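Read-outs: derived from the displayed coordinates by stated rules, not from any lab. Here the structure is a predicted model, which is why all the values come from computation and not from measurement. Cβ placement follows ideal geometry from the backbone for every residue including glycine, while neighbour counts extend to all protein chains displayed.
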Amino acid sequence: MALLKLTDRKMDAYAIASDSGNFEELNKELQGLFGQNWGQLSVSAAGEMLGRGNLHGEETLIVCIDAKDEQNLEPIDSFVRAAIKGGFVVILIAKDVSPTALHHLLRLGADDFAPYPLPDNALSGIFNRIRDKKQNAPTELALKKSRNGVILPVYGAAGGVGSSTFAVNLAWEMAIHTRKDDMRVALVDLDFQFGSVATLLDMARRDPVFELLTEPDSLASDTLAQAMTSYKSVLAVLTSPPEVLPLDIVGGDYIEKMLKLLQTKYDFIIVDLPKALTDWSASVLTQAETYFTLLELDMRSAQNLMRYLRVLRGEDLPGEKIQYILNRAPGFCRLEWQNPRWPVFRKPGHRNQYPAS
């Protein structure tokens, strides 16, 4: 099926199907109800849009299932769960689906259901009921969609200490452990020159990120969502741009506005910072809840950290937010987990026997 080209025009509804040709009658009814303000999407494209926050939250998602989809319901199941937890109105349209599969999908909590072919006025009746429900409970819907994200920057005291790897792993673990609780996680790479988040996740660096940074006045909720990419429909990622840009291409006001926009859409925002200090480094630290600083047990990490702390004290910045993470150590140090029953000290003339691995 032809996918809808993303534009700035707001859509009222999306018909989501593996093959839209099997639901031509539904498409005609949507054309009559919404005119040009509706679109068609595949399940994978809809999951991509939902994962990166490209849907505004007011769209009605009409998920169409036929007999072919019943062979593998997992993608549709995951999308419907995520959409319902995100506060979207979800309508199921089923064609030649077994009672067992239909019962499973209805238990996910969709707002309404209709068989296909559609009975007369069935779709308009569904929309009328949903509209009445929204009018009767506006406060509940608003509370369901409101978010106030926590900003968690990650900074490396020296090159090669693993700060980007830590940021990626932290974001992924938080995303998979909080998705059942309707919490959304974003990973933002603010190293505009040599950020490696895209490489670590095997993702492409996209031109919308370059346009977002080179045209600061274009920063808005919609353009930011367009620049982000969904990783496995679970984690929203803003990669570094495809071209090398100076770190001072944007100022503190821009970064502050970007983080505030992200806070309205995500519950946790992990920020991978460049090693160099910039004019907007203070903005990130000020807005952060906790500031992770990675280091090694070596002289360069210690010296860099001392100089960094002197800068914070000189600028009267909240250094108490910093949490230190020792990521690596020299070979003679043992940082791996150790069973408390194992002997710690060696006695003279006695060789400790550690359990075999």
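Just to verify a number: FRET efficiency for PHE194 and ASP120, C-beta to C-beta distance, R0 = 45 Å, to 0.05? Efficiency, from the Cβ-Cβ distance: 0.15. Separation of segment 55-84 and segment 227-280, taken as the distance between their Cα centroids, equals 29 angstrom. If r is the Cβ-Cβ distance from ASP12 to ASP298 and R0 is 35 Å, what FRET efficiency results, to the nearest 0.05? In this case the efficiency is close to 0.05.
What the phi angles of segment 286-301 give under the Karplus curve with 6.51, -1.76 and 1.60, with θ = phi - 60°, is a coupling list of 5, 7, 6, 7, 9, 10, 7, 10, 9, 8, 10, 7, 8, 5, 5, 5 Hz, glycine and proline written as x.
A full extension of the chain between GLN323 and ALA220 corresponds to an added length of 33.9 nm, given 0.36 nm per residue minus the alpha carbon distance. Sorting the segments 277-283, 163-169 by their mean number of nearby beta carbons within 10 angstrom, highest to lowest, gives 163-169, 277-283.
Over 23 Å apart at the Cα level, from the set LYS275/LYS321; LYS28/LYS95; LYS95/LYS265; LYS257/LYS321; LYS232/LYS260, are LYS95/LYS265; LYS232/LYS260. Cβ-Cβ distance of HIS103 and GLU315, R₀ of 51 Å, FRET efficiency by 1/(1 + (r/R0)^6): the value works out to about 0.25. Computed extension gain for LYS85 through ALA204, at 0.36 nm per residue and net of the alpha carbon distance, reaches 40.0 nm.
Placing +1 on each Lys and Arg Cβ and -1 on each Asp and Glu Cβ, with no other charges, gives segment 13-144 a dipole about its Cα centre of roughly 480 debye.
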